[in-house]
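**Q** Provided herewith is a single structure, encoded as structure tokens, for subsequent inquiry.
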Amino acid sequence: MTKQEIRNFIAKRTAKFFNDGDVINLGIGMPTLCLDFLPEGVDIWIESENGVLGLAGAPENEEDGDIDIVDASGRVSTMRVGGCCFSSFDSFGLIRGGHVAATVLGAYEVDQEGNLANWMVPGKTCAGMGGAMDLVSGAKNVLIMMEHTDKYGNSKILKKCTLPLTAANEVDYIITELCVLHCTPEGLVLEELAPDVTVEDVIAKTDADLIIPEKIGSMV
Amino acid sequence: MKEKVVSIEEAVSHIHDGLTIMVPGFVNCGVPQTLIQAMLDKGVKDLNIISNNTSVKGKGIGKLVHAEAIKHITCSHIGNNVETVEKVVNGEINVTFVPQGTLCERMRAGGAGLGGVLTPTGLGTPMQEGKQVVEWDKEKGEYKFVTDADPKKGPRYVLELPLHADVAIIHAWKADKIGNVVYHRTARNFNPIMATAADLVIVEAEEIVEVGALDPDVIVTPSCLVDMIVQANPEDRN
């Protein structure tokens, strides 16, 4: 698969986690691809941390857009009919208060205890965590979509995260181009495999310990 | 009824070197561009800024970054502005990162007379370091302070302290002449919270309207929070 095909494949599976009417927060980058793959009959409300419910994507022509409607990356966006705006304070109240069904983010590292590191690489990046820590501590479901390994082929799913954490014990599912992993109190359960991927393939590319159930589903 | 509309010169005469100033905005949306430009023109420096981020390079709060007017910044994110990142890495600006929701709550506490807030955000992360952590003791029905670092126990919360500023500069869509304010779309963001948490609150409004022209049911920031109102200049957005 090409890089784009991998991203689309992960997004398509992730979008299947959404139920009709869910309020979903999508992180910047790959998570926004989920909107292209919503299952039929599933209509979701996009919550954006900057204070809007019902964001609807970039306008066809940026010049036609309202510069007072932006998404979580600060780019001009649009709102659907029925959407509403509120303050950052209200927004994080929705997020921490459990009123957001799922938050979807990328990660540098995830570990078998459900710890997530996605905001800082000491000595390399110091952008700040933005809303990520609140999103991960507050949303009902934390879905991590990412490529299984880094660009050097090293597992991003570890026994123990090495980078500063974004949140501890908060991740619910990890969706990669190889598999879907469910973070449970007992550990990471291999719930689904991508087509033509074997249990052995996943184990070989994963640093974390995995729980292999008798029955494993398919990602498609 | 005291009308509060003043000239930009009068407003900026209250902003001095070294003050702590709350500046709203999400990336470059909802940023008080006219008041920032006036601060630049005045040449204020050594500012302690409390903001969510620093706009983008050369725009909004990024203008204050470029002019080296900022000594310290308390914020959640600087990644949208490469110049801020550069100055932080070079030690020209000190930064204290605060998770975005915690930043909101700390300002709310500062503006609402609370001694602090308990939040789960940051537990088990570097944000917990140096802070007090409490755990709910179900049997006793009380909180106790804990010192071990196990986020699995709990429910646990980080005690975060209030934030307050000398001045908050606010960007309104419409303000009436006594300071009732409404905001437009996502340009609302941090504006209403910051308007509660500073000694002096200066509002720039895209449109200044007569008292009574705003529907009381849609007013977001009540007039009693606002000290001064200036006319925003759309050209300062560029």
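**Q** In this structure, is A:T2 farther than 21 Å from B:C104 by Cβ and either surrounded by fewer than 20 Cβ atoms within 10 Å (Cβ to Cβ) or hydrophobic (A, V, I, L, M, F, W, C) (or both)?
**A** Numbers: farther than 21 Å from B:C104 by Cβ: yes; either surrounded by fewer than 20 Cβ atoms within 10 Å (Cβ to Cβ) or hydrophobic (A, V, I, L, M, F, W, C) (or both): yes.
When the stated conditions are applied, A:T2 passes them.
**Q** Could you tell me how many of the residues in the stretch B:19-55 are open to solvent by less than 40 Å² (accessible area, probe 1.4 Å) and either outside the structural domain of B:T84 (by TED's automatic domain parsing) or part of a helix (DSSP H, G or I) (or both)? Break it down into steps so the answer makes sense when it comes.
**A** Filtering the stretch B:19-55 down to residues open to solvent by less than 40 Å² (accessible area, probe 1.4 Å) leaves B:19-27, B:29-36, B:38-39, B:44, B:47-55.
Right, trim to either outside the structural domain of B:T84 (by TED's automatic domain parsing) or part of a helix (DSSP H, G or I) (or both) and you get B:33-36, B:38-39.
Count: 6.
**Q** If A:M129 meets every condition in (1) surrounded by 18 or more Cβ atoms within 10 Å (Cβ to Cβ); (2) in contact with a helix residue (DSSP H, G or I) (Cβ under 6 Å, 6 or more places away or on another chain); (3) of a type in the set (A, V, I, L, M, F, W, C) apart from one, which number is that one?
**A** (2)
**Q** Looking at the stretch B:47-87 only, could you name the residues that are under 24 Å from A:T166 (Cα atoms), touching a residue at least 40 places away in the same chain (Cβ under 8 Å) and not hydrophobic (A, V, I, L, M, F, W, C)?
**A** B:S51, B:N52, B:T74, B:N80
**Q** So, in the stretch B:127-150, exactly how many residues are under 30 Å from A:V121 (Cα atoms), open to solvent by 40 Å² or more (accessible area, probe 1.4 Å) and under 30 Å from the mean Cα position of the chain (by Cα)?
**A** The total comes to 4.
**Q** Tell me, yes or no, whether the stretch A:135-144 has at least one residue that is in contact with a His (Cβ under 6 Å, 6 or more places away or on another chain), open to solvent by 40 Å² or more (accessible area, probe 1.4 Å) and either under 20 Å from A:T14 (Cβ atoms) or in contact (Cβ under 8 Å) with a residue 24 or more places away in the chain (or both).
**A** If we filter the stretch A:135-144 for residues that are in contact with a His (Cβ under 6 Å, 6 or more places away or on another chain), which is where we start, we get none.
Looking for residues that are in contact with a His (Cβ under 6 Å, 6 or more places away or on another chain), open to solvent by 40 Å² or more (accessible area, probe 1.4 Å) and either under 20 Å from A:T14 (Cβ atoms) or in contact (Cβ under 8 Å) with a residue 24 or more places away in the chain (or both), one finds none in the stretch A:135-144, hence no.
**Q** Considering only the stretch B:88-108, state which residues are in contact (Cβ under 8 Å) with a residue 12 or more places away in the chain and away from every other protein chain (no Cβ under 11 Å).
**A** Scanning the stretch B:88-108 gives B:E92, B:I93, B:N94.
**Q** Using the structure shown, decide if A:E147 is within 17 Å of the chain's Cα centre (by Cα) and either away from every other protein chain (no Cβ under 14 Å) or without any contact (Cβ under 8 Å) to a residue 12 or more places away in the chain (or both). Can you show your working first?
**A** Numbers: within 17 Å of the chain's Cα centre (by Cα): yes; either away from every other protein chain (no Cβ under 14 Å) or without any contact (Cβ under 8 Å) to a residue 12 or more places away in the chain (or both): yes.
Judged against the criteria, A:E147 is a match.
**Q** OK, next. Quick one: A:D43 ticks every box in (1) touching a Gly at 6+ places or on another chain (Cβ under 9 Å); (2) without any contact (Cβ under 8 Å) to a residue 12 or more places away in the chain except a single one, so which number is it?
**A** All conditions are met except number (2).
**Q** Could you tell me whether the stretch B:108-130 includes any residue that is among the charged types (D, E, K, R), in a strand (DSSP E or B) and under 20 Å from A:G97 (Cβ atoms)? Spell out how you get there, then give the answer.
**A** Here is the first cut: in the stretch B:108-130, the residues among the charged types (D, E, K, R) are B:108, B:129.
Next, only the ones that are in a strand (DSSP E or B) stay: none.
Among the residues of the stretch B:108-130, not one is among the charged types (D, E, K, R), in a strand (DSSP E or B) and under 20 Å from A:G97 (Cβ atoms), which makes the answer no.
**Q** Still on this structure: Here are some conditions: (1) of a type in the set (A, V, I, L, M, F, W, C); (2) open to solvent by less than 10 Å² (accessible area, probe 1.4 Å); (3) over 25 Å from B:V226 (Cβ atoms). B:A69 meets all but one. Which one does it not meet?
**A** Result: B:A69 fails condition (3) only.
**Q** Quick one: which of A:L94, A:L116 is more than 30 Å from A:S155 (Cβ to Cβ) and at pLDDT 95 or above?
**A** Working: A:L116 fails: more than 30 Å from A:S155 (Cβ to Cβ).
Step by step, each of A:L94, A:L116 is checked, and only A:L94 is more than 30 Å from A:S155 (Cβ to Cβ) and at pLDDT 95 or above.
**Q** Any idea how many residues of the stretch A:23-50 are within 14 Å of chain B (Cβ to nearest Cβ) and over 20 Å from A:K140 (Cβ atoms)? Spell out how you get there, then give the answer.
**A** First, the residues of the stretch A:23-50 that are within 14 Å of chain B (Cβ to nearest Cβ): A:25, A:27-29, A:46-50.
Retained after the next criterion (residues that are over 20 Å from A:K140 (Cβ atoms)): A:28-29, A:50.
The total comes to 3.
**Q** Name the residue, out of B:V220, B:V230, that is open to solvent by 10 Å² or more (accessible area, probe 1.4 Å), more than 15 Å from the chain's Cα centre (by Cα) and not assigned by TED's automatic domain parsing to the domain that holds B:M127.
**A** Working: B:V230 fails: open to solvent by 10 Å² or more (accessible area, probe 1.4 Å).
Just a single option satisfies the conditions, and that option is B:V220.
**Q** Going by the conditions given, is B:G154 within 14 Å of another protein chain (Cβ to nearest Cβ) and either in a loop (DSSP other than H, G, I, E, B) or open to solvent by 10 Å² or more (accessible area, probe 1.4 Å) (or both)? Explain how you work it out, then say what you get.
**A** Values: within 14 Å of another protein chain (Cβ to nearest Cβ): yes; either in a loop (DSSP other than H, G, I, E, B) or open to solvent by 10 Å² or more (accessible area, probe 1.4 Å) (or both): yes.
Yes.
**Q** A further question follows. Name every residue in the stretch A:145-160 that is open to solvent by less than 10 Å² (accessible area, probe 1.4 Å) and assigned to a strand (DSSP E or B), in order of residue number. Steps first, please.
**A** Of the stretch A:145-160, the ones open to solvent by less than 10 Å² (accessible area, probe 1.4 Å) are A:145-146, A:148, A:157.
Listed by number, the residues that qualify are A:M145, A:I157.
**Q** While we're on this one: What is the number of the single condition among (1) without any contact (Cβ under 8 Å) to a residue 40 or more places away in the chain; (2) more than 22 Å from B:V98 (Cβ to Cβ) that B:I178 does not meet?
**A** B:I178 satisfies all of (1) without any contact (Cβ under 8 Å) to a residue 40 or more places away in the chain; (2) more than 22 Å from B:V98 (Cβ to Cβ) except (1).
**Q** Among the residues of the stretch A:201-220, count how many are loosely packed, with under 12 Cβ neighbours inside 10 Å and of a type in the set (A, V, I, L, M).
**A** So the count comes out to 3.
**Q** Does A:L163 satisfy the criteria of being modelled with pLDDT of 95 or more, part of a loop (DSSP other than H, G, I, E, B) and more than 9 Å from chain B (Cβ to nearest Cβ)?
**A** Details: modelled with pLDDT of 95 or more: yes; part of a loop (DSSP other than H, G, I, E, B): yes; more than 9 Å from chain B (Cβ to nearest Cβ): yes.
Yes.
The values are calculated or read from the model by the stated rules, or taken from the named source; none is laboratory data. The model shown is predicted, which means the values in this text are computed figures rather than measured ones. Every residue, glycine as well, gets a Cβ built from its backbone with ideal geometry; the counts of neighbours run over all protein chains shown. Protein only, heavy atoms only, side chains kept; ligands, DNA and RNA dropped before computing areas. Shrake-Rupley method; radii C 1.70, N 1.55, O 1.52, S 1.80 Å.
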